[in-house]
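Notes for the one structure printed next.
The values are calculated or read from the model by the stated rules, or taken from the named source; none is laboratory data. Just so you know, these numbers come straight off a predicted model, no measurement behind them. Heads up, the Cβs are rebuilt from the backbone with ideal geometry, glycines too, and the neighbour counts pull from every protein chain shown.
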Amino acid sequence: MLTLGIETSCDETALALYQPEHGIVAEVLHSQVEQHQAYGGVIPELAARDHAARLLPLLQQLLKQAGTRMQDVDGIAYTRGPGLAPALLTGACFAQTLAFIQNIPAIGVHHMEAHLLAPMLNAEQQPEFPLIALLVSGGHSMLVKAERPGGPYQIIGNTRDDAAGEAFDKTARLLGLPYPGGPALAELATRGNADRLALPLPMPAGLDFSFSGLKTAVRTLLMNMESPDDQNRADIAAAFQQQVVVTLVNKCRAAITQHRIPNLLIAGGVSANQLLRSKLAQLDCNVYLPELRYCTDNGSMVAYAGWLRLSHNQRTPNLDIKPRWPLDELQAV
Ligand code: KG4
Ligand code: ZN
């Protein structure tokens, strides 16, 4: 079943074709980062307008790359939520219209399930289930117990305030770095000393996360420095990154111990962070990571998640989008 995946939940327009026998056949992506940089964050209406303008040319590029035609596509998957409502609507309208014209099924995919399934695209090392998943993106930080690909998913830890990626973005902004802050802050941190300045370790009880206190501590630190020089900024970036990574690793260790599951999967934009990847690899369990290009938003993970659900006869018959959609409300396949 050749499945077209369409991702438009935020600021990437991304499409891919997945076929179970071959894996990902082709993928295309346009990032709107430069458009939103002037505002320091994503403007939903601008994002939607750009998705609408780019979807058709990107689809044509994708089909050309794959050497195939729309008539050969058997099903269409698109991101139904969670995400920015105007941006989600463009993908839903495009996908449902295309499915109607071609008379093929359409499925609205949960964006965080798509992230969770991204390591399944790794041909060498398929994740073993049940597993504990750490999902860390711009909008979410959570620990999830996954029985099998397609659910059921049980949320065992959640963010109480800022998501991990959001904390990176906001702290990067305090340090004068451009949006999106995660990669820029990680780059600055390579020139810093993580142990020179003291920042708190954000560790609420249980498996929940809280990162807003850490961000506030950075703001206080910066206010107390008259004019922070490059070395000060690099040291702050390194200390911040270290505290976030230590927190995430500690929570993962607690989750696999408490639930007696020796399989850990990490996904979402922050899973691209090299310090996090290297520290998690040292845990005493199986660790599954997406390839770097499948950490941040992409069409391939949507195509895969959609194929999984379409092959279990799930369909989305309408244009309803779900800007807020708790992962544990998702029907298992
Ligand atoms: O999954 P994603 O592409 O979009 C959402 O679903 O939100 O995640 C984007 C988030 C941003 O907050 C970005 O700053 C963060 O992932 N990010 C990183 C890195 N690369 C992306 N954070 C830390 N280190 C990175 N290398
Ligand atoms: Zn995402």
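Against the condition touching a helix residue (DSSP H, G or I) at 6+ places or on another chain (Cβ under 8 Å) and either under 16 Å from V245 (Cβ atoms) or surrounded by 20 or more Cβ atoms within 10 Å (Cβ to Cβ) (or both), how does A184 come out, does it pass?
For A184, the condition - touching a helix residue (DSSP H, G or I) at 6+ places or on another chain (Cβ under 8 Å) and either under 16 Å from V245 (Cβ atoms) or surrounded by 20 or more Cβ atoms within 10 Å (Cβ to Cβ) (or both) - is not met.
Condition first: more than 21 Å from N224 (Cα to Cα) and not hydrophobic (A, V, I, L, M, F, W, C). Now tell me which residues in segment 170-201 satisfy that.
P178, Y179, P180, G181, G182, P183, E187, T190, R191
Go through segment 198-212 and give me each residue that's within 21 Å of A184 (Cα to Cα) and not in a loop (DSSP other than H, G, I, E, B).
Scanning segment 198-212 gives a single hit, S212.
Does D328 satisfy the criteria of being acidic (D, E), within 23 Å of L143 (Cβ to Cβ) and outside any loop (DSSP other than H, G, I, E, B)?
yes
Mind checking which pairs have a first residue in segment 27-50 that is closer than 24 Å to L17 by Cα and a second that is surrounded by fewer than 17 Cβ atoms within 10 Å (Cβ to Cβ), Cβ under 7 Å, 6 or more apart or different chains?
From segment 27-50, the pairs are V28/Q61; V28/Q65; D50/Q35.
Taking segment 263-289, which residues are more than 20 Å from the chain's Cα centre (by Cα) and surrounded by 15 or more Cβ atoms within 10 Å (Cβ to Cβ)?
C285, N286
Any residue in segment 252-268 that is part of a loop (DSSP other than H, G, I, E, B) and among the basic types (K, R)?
Checked against the condition, which is being part of a loop (DSSP other than H, G, I, E, B) and among the basic types (K, R), segment 252-268 yields at least one hit.
Which one of the conditions (1) more than 30 Å from V73 (Cα to Cα); (2) within 13 Å of ligand 1 (Cβ to nearest atom); (3) in contact with a helix residue (DSSP H, G or I) (Cβ under 6 Å, 6 or more places away or on another chain) does V287 fail to meet, given that it meets all the rest?
That leaves (2) as the condition not met.
If E166 meets every condition in (1) part of a helix (DSSP H, G or I); (2) within 16 Å of ligand 2 (Cβ to nearest atom); (3) surrounded by fewer than 20 Cβ atoms within 10 Å (Cβ to Cβ) apart from one, which number is that one?
Of everything listed in (1) part of a helix (DSSP H, G or I); (2) within 16 Å of ligand 2 (Cβ to nearest atom); (3) surrounded by fewer than 20 Cβ atoms within 10 Å (Cβ to Cβ), E166 misses just condition (3).
Is it true that L188 is at pLDDT 95 or above, among the aliphatic types (A, V, I, L, M) and either closer than 20 Å to I256 by Cα or not in a helix (DSSP H, G or I) (or both)?
Judged against the criteria, L188 is not a match.
Out of all the residues in segment 311-323, is one or more part of a helix (DSSP H, G or I) and touching a residue at least 12 places away in the same chain (Cβ under 8 Å)?
The answer is no; no qualifying residue exists.
Determine which single condition V218 fails, assuming it passes every other condition in (1) more than 21 Å from A186 (Cβ to Cβ); (2) within 16 Å of ligand 1 (Cβ to nearest atom).
Failing condition for V218: (1).
When the residues of segment 1-43 are narrowed to those that are assigned to a loop (DSSP other than H, G, I, E, B), away from ligand 2 (no atom under 15 Å from the Cβ) and modelled with pLDDT of 95 or more, which ends up farthest from D74 (Cα to Cα)?
My answer is I43.
For segment 72-96, enumerate the residues that are assigned to a helix (DSSP H, G or I) and under 23 Å from W325 (Cα atoms).
A85, P86, A87, L88, L89, T90, G91, A92, C93, F94, A95, Q96
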